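Worksheet: the structure to be examined is printed underneath.
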Amino acid sequence: MRMGALVTIWLFSAASYLGFDGHVYAQSSYYQGKTIRLVQGREPGGSGDTRAKLVIPYLKKYLPGNPNIVNEFMPGGGGRKAANYLFSARPDGLTIGHVSSGVVTSSVLGESGVQYELDKFHWLGSTDSAFHYAFAIRKELGLTNAEKLQAYSGLKLVQHP
């Protein structure tokens, strides 16, 4: 199975999550004069990079304090290298990620090299709708989390064109 395909998911890691406690306040003074790193799990160029570049002006406009935003490319493992980095980044709100959907399938399927936990990432959305993933499972199996799914020996994965 080709991990990563072309689908990209904006990923706002738990490490970079702002830690809102239910109340949202403008933090102009926090972002004023700071730089946000947009870590991309790919090489420069291509449609994924273009989408990220198109989003940057909106991030600058709508984030309080109008911070500087720079791209940092971290190719490797279908986005796995970048996802591992994002998962361990400082929780200072200055790192966001743009990685492929391969990080989801790599984690669920227990691929080697996965050091992140999907449940601790904060997903902002998808910039691409070319590919759709659907996962259906019978309730009776009791596979209610990724660990149970990975441990289940009778799992059959089917990929449709």
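Of all residues in the stretch 54-77, those satisfying the criterion of being assigned to a strand (DSSP E or B) and out of contact with any helix residue (DSSP H, G or I) (no Cβ under 7 Å at 6 or more places or on another chain) are Asn68, Val70, Glu72, Phe73. When Arg80, Arg51 are checked against the criterion of being modelled with pLDDT of 90 or more, in a helix (DSSP H, G or I) and not hydrophobic (A, V, I, L, M, F, W, C), Arg80 stands alone in meeting it. Filtered by the rule that a residue be within 24 Å of Lys60 (Cβ to Cβ) and part of a helix (DSSP H, G or I), the stretch 84-120 gives Tyr85, Leu86. Does Arg42 count as surrounded by 12 or more Cβ atoms within 10 Å (Cβ to Cβ), in contact with a Pro (Cβ under 6 Å, 6 or more places away or on another chain) and either at pLDDT below 90 or not acidic (Asp, Glu) (or both)? Considered against the rule, which asks whether it is surrounded by 12 or more Cβ atoms within 10 Å (Cβ to Cβ), in contact with a Pro (Cβ under 6 Å, 6 or more places away or on another chain) and either at pLDDT below 90 or not acidic (Asp, Glu) (or both), Arg42 comes out as yes.
Note on the stretch 59-70: residues that are surrounded by fewer than 15 Cβ atoms within 10 Å (Cβ to Cβ) and either modelled with pLDDT of 90 or more or within 20 Å of Tyr85 (Cβ to Cβ) (or both) amount to 2. Per the conditions (1) surrounded by 13 or more Cβ atoms within 10 Å (Cβ to Cβ); (2) at pLDDT below 85; (3) among the hydrophobic types (A, V, I, L, M, F, W, C), the sole criterion not satisfied by Val24 is (1).
Yes or no, residue by residue, for (1) on the phi > 0 side of the Ramachandran plot; (2) modelled with pLDDT of 80 or more; (3) of a type outside the set (Asp, Glu):
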position: Tyr85; (1), (2), (3): no, yes, yes
position: Ser88; (1), (2), (3): no, yes, yes
position: Gly97; (1), (2), (3): no, yes, yes
position: Ser106; (1), (2), (3): no, yes, yes
position: Asp128; (1), (2), (3): no, no, no
position: Phe131; (1), (2), (3): no, no, yes
position: Lys139; (1), (2), (3): no, yes, yes
position: Leu143; (1), (2), (3): no, yes, yes
position: Val158; (1), (2), (3): no, no, yes
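The values are calculated or read from the model by the stated rules, or taken from the named source; none is laboratory data. Because the structure is a prediction, the values reported are computed rather than measured. All Cβ positions, glycine included, derive from the backbone under ideal geometry; neighbour counts span all protein chains shown.
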